Amino acid sequence: MYGALKISNGKRYNVAILVDGGTHGREWTSVISALYFIDNLVKNYDKQPEYMKKRDWHVIPVLNPDGYDYSLTVDRLWRKNRRRLSGACQGVDLNRNFA
């Protein structure tokens with residue numbers, strides 16, 4: 001199962017920040033970058049500047065798990081998700097669905 005990780009000091013009025021990786025299946029480095037961000041923030045939390053501690057960090061390392069897996073196992077250049085659509089087209093480019 002995939003999801004988000006929340007890193008927080010538990011204070012009520014923190015500003016929420018979303019960090020995501022793996023929006024496109026073929027962007028493997030963005031997944032590793034999100035995991036590195038989590039590791040660094042947690043292991044060095046006491047050394048972080050105050051502005052980092054006054055946030056609720058919501059991190060989704062792999063936003064597109066099915067596209068990520070498909071790019072690792074079948075088509076290295078695949079960027080969309082694997083949603084089944086009618087016709088010959090398959091998949092949705094996730095960043096094309098925002099205003």
Item checked: Number of positions in the stretch 72-99 that are surrounded by 13 or more Cβ atoms within 10 Å (Cβ to Cβ) and under 16 Å from the mean Cα position of the chain (by Cα) -> 5
Checklist line | Segments classed as helices (runs of 4 or more DSSP H), wholly inside the stretch 19-99, with at least 2 members that are farther than 30 Å from SER8 by Cα | finding: 65-73
Notebook entry, point to check: Among the residues of the stretch 36-62, which ones are closer than 13 Å to LEU5 by Cα, among the hydrophobic types (A, V, I, L, M, F, W, C) and surrounded by 15 or more Cβ atoms within 10 Å (Cβ to Cβ)?
Noted result: PHE37, ILE38, LEU41, TRP57, VAL59, ILE60, VAL62
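No lab work stands behind these numbers, since they all come straight from the coordinates. Computed from a predicted model, the values in this text were never measured in an experiment. So basically every Cβ, Gly included, is an ideal-geometry build from the backbone, and we count neighbours across all protein chains shown.
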